[in-house]
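Right, one structure below, let's go through it.
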Amino acid sequence: MINTKKVWFVTGASKGLGLVLVKKLLERGYRVAATSRNAAGLVQGAGEASSNFLPLQADLLNEQSVAGAIAATIAAFGTIDVVVNNAGYGQLGTLEELSDGEARKNFDVNVFGSLNVIRQVMPYLREKKSGAVFNISSIGGFAGNFPGWGIYCATKFAVIGFTEALAAEAKEFGITATAVYPGYFRTNFLSQGSLSLPEHTIKAYTAARETELIHEQQVRGNQPGDPEKAAGVLMAVAESDTPPLHLFLGQDAYAMARLKIATIERELNANEALATATAF
């Protein structure tokens, strides 16, 4: 019997939301190609290769590696229908503390890795005139007022920016793009390997240190969001005829988004007379 379900291509799939999503997709009978820097970890988490599952070791910062992963997926399954750019990691540290190298590395993985995937997969999606792209951002890509999370939030703001552009550019080809803003979900994101601490700290930044301690001692292991339910939302949206451009995930994400929107509305109204008196 031919499997007519959509083919998913998921990056950063060896842990966290990516791994949960891959496992749920396979349970539902979808065909899935999943990438990780460590193929062994991916197989350990999601299982051996099968007629429905293609685990791939890929370096998202290497375009040839990305192109090879996409070509292998098409060779195995004949198509790609849904792309999930999930790979990324958290970088803690204030803007003054983080070195140029630390900041650029976070952008390389969280931003340019996804752009490499988009650049390599778009020719195929354009040719078949269909497809859905989900770029996993964060509520920190909408509200960045978290001390010590500035660079990470900046990478996630960038994800929103290029997703909005991609949605506009790809619309004429029948391709949709969705920016996903998860709140706190109970994955290993706040654990070692998914969260990087600053190499050098400055004692004066007490608010940033307090934020780090709160995440380490109170938030980690107590995140309110269920990643399996988040995966279910992504699957439902992918099957929708009208996927949204902006998808907030979790009650906490909704609360933070609405707080920011209210702040913007208040500041727009407070400064409108002054700030719009700028025409010739």
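The values are calculated or read from the model by the stated rules, or taken from the named source; none is laboratory data. Predicted model, so just to flag it, every value in this text is computed and none were measured. Positions of Cβ are generated from backbone atoms using ideal geometry, with glycine treated the same way; all protein chains shown enter the neighbour counts. The protein model used for the area step is the full one, side chains on, heavy atoms only, and it has no ligands, DNA or RNA in it. Shrake-Rupley method; radii C 1.70, N 1.55, O 1.52, S 1.80 Å.
Condition first: over 26 Å from G144 (Cα atoms) and not in a strand (DSSP E or B). Can you find one or more residues in segment 80-99 that meet it? Yes, some residue in segment 80-99 is over 26 Å from G144 (Cα atoms) and not in a strand (DSSP E or B).
The set of residues in segment 1-11 being in a loop (DSSP other than H, G, I, E, B) and under 17 Å from A72 (Cβ atoms) consists of T11 alone.
Restricting I151, I70 to residues that are part of a helix (DSSP H, G or I), open to solvent by less than 20 Å² (accessible area, probe 1.4 Å) and either closer than 29 Å to F248 by Cβ or of a type outside the set (V, I, T) (or both) narrows the list to I70.
Inclusion of L92 among residues that are more than 17 Å from S14 (Cα to Cα) and of a type in the set (A, V, I, L, M, F, W, C) is warranted. Residues that are surrounded by 15 or more Cβ atoms within 10 Å (Cβ to Cβ), more than 22 Å from the chain's Cα centre (by Cα) and acidic (D, E) within segment 31-67 are absent altogether. All conditions but one from (1) under 20 Å from M235 (Cα atoms); (2) not in a helix (DSSP H, G or I) apply to K23; the one that does not is (2). Scanning segment 161-203 for residues that are open to solvent by 60 Å² or more (accessible area, probe 1.4 Å) and at pLDDT 90 or above yields a count of 9.
In segment 76-126, what residues are open to solvent by 50 Å² or more (accessible area, probe 1.4 Å), closer than 19 Å to K6 by Cα and of a type in the set (D, E, K, R)? Residue satisfying the conditions is R126 alone.
I'm trying to understand the selection: among the residues of segment 1-39, which are aromatic (F, W, Y) and within 22 Å of S137 (Cβ to Cβ)? Within segment 1-39, W8, F9 qualify. Restricted to segment 127-148, and to residues that are in a helix (DSSP H, G or I) and in contact (Cβ under 8 Å) with a residue 12 or more places away in the chain, which residue is most open to solvent (accessible area, probe 1.4 Å)? So, considering only residues that are in a helix (DSSP H, G or I) and in contact (Cβ under 8 Å) with a residue 12 or more places away in the chain, the one most open to solvent (accessible area, probe 1.4 Å) is K128.
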